[in-house]
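The values are calculated or read from the model by the stated rules, or taken from the named source; none is laboratory data. Predicted model only: the values in this text are computed from it and were never measured. Just so you know, the surface numbers come from the protein's heavy atoms only, side chains and all, with ligands and any DNA or RNA stripped out. Shrake-Rupley method; radii C 1.70, N 1.55, O 1.52, S 1.80 Å.
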Amino acid sequence: MPFWGLQKQLGIDVDTWLLRQSMPQPYGQAAACHAFEREWVECGHGLGQTRARRECQLEYEDFMECMKRTKLAKRLRTILEQRDKMIKEGKYTPPDYHMGKEEPRP
């Protein structure tokens, strides 16, 4: 506990930029990555910054993947490249509804 609570006296909260998922959410529902953020914060609680970076690396990576979806995007890109390669080789033909050739529905 700080000796002089400047954030409290000024009515600002500098920590909210870090704890995005813990902030009040619309409709009172928990955010999608709230569980991952909570695990990360609980892991690093009471540790120093240097030690928390080393010991809580897995929790932090899970949280960042949930927030940014970088691994998912890379996997999707690889799948689409493989599909395009198979189309060029003639081993795969996508269905008509994937090519926009399906008859329009009423």
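To keep it simple, each residue is scored yes or no on (1) open to solvent by 70 Å² or more (accessible area, probe 1.4 Å); (2) on the phi < 0 side of the Ramachandran plot; (3) basic (Lys, Arg).
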site	(1), (2), (3)
Tyr27	yes, no, no
Arg38	yes, yes, yes
Leu58	yes, yes, no
Lys85	yes, yes, yes
Report task. Pick out the one residue from Ala35, Ala73, Ala31 that is of a type outside the set (Ser, Thr, Tyr), under 13 Å from the mean Cα position of the chain (by Cα) and not in a helix (DSSP H, G or I). Result -> Ala31
